[in-house]
Amino acid sequence: MPWDPARDLLTMQERLESLFGRADPGWVPPVDLFERADKYVLTVEVPGLRREDVQIGGDADSIVVSGHRASQPAGAGKYHQFERGQGHFSRSFRFGQPIDLEGIAAELADGVLTITIPKARVSTGRIEIR
């Protein structure tokens, strides 16, 4: 088997995390985050996960996306290649302005979680004269 530096780094990370009581190494799903005038749109690649495997939480200016993928599917047999992340993951995103938590919508389709995060309306403190 050829040398794979990424595999060696993951092995080192797993060993260090096990020293601190974290047996499950976790993973980091790739994301895209972009901003529009009235909202942020976050896409997270989570192939093979079901809706109940993912949680979304937040506060006034940030959200956290977390979840879990089983280490090995039951009855999977002998692996020849194992590259997709396993275990727990958690990603946190802070925004430059308040967000509307009540208006957040999420959709999971084709292994991609799309989260639409509306920006909160911010009062300018100006009073319109009629």
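Could you compute the net charge surrounding Ile104? Neighbours are other residues with a C-beta less than 12 Å from the C-beta of Ile104; K and R count +1, D and E count -1. Could you put the intermediate results ahead of the total?
Details: positive: Lys39, Lys119; negative: Asp59, Asp100, Glu102, Glu107.
Spelling it out: positives minus negatives among the neighbours equals -2.
For region 76-108, chymotrypsin sites (Phe, Trp or Tyr not before Pro) are listed when DSSP marks them as loop and at most 13 other Cβ atoms sit within 10 Å of their Cβ; the list is Tyr79, Phe82.
For region 30-130, run through the GluC sites (Glu not before Pro) and keep only the ones in DSSP coil with at most 15 other Cβ atoms within 10 Å of their Cβ. Please list the in-between numbers first.
On the way: sites: Glu35, Glu45, Glu52, Glu83, Glu102, Glu107, Glu128; in loops: Glu83, Glu128.
Passing both the DSSP loop test and the Cβ count: Glu83, Glu128.
I want the local charge near Lys119. Using Cβ-Cβ distances under 11 Å, sum +1 for each Lys or Arg and -1 for each Asp or Glu among the other residues. Net local charge, Lys119 excluded: -1. Rg of the Cα atoms in region 66-116, relative to 2.2 N^0.38 Å, amounts to 1.64.
Where a number appears in this text, it was derived from the coordinates with a stated rule and is not lab data. What you see is a predicted model, and the numbers here were worked out from it, not measured in a lab. Note: ideal-geometry Cβ built from the backbone for every residue, glycine included; neighbour counts use all protein chains shown.
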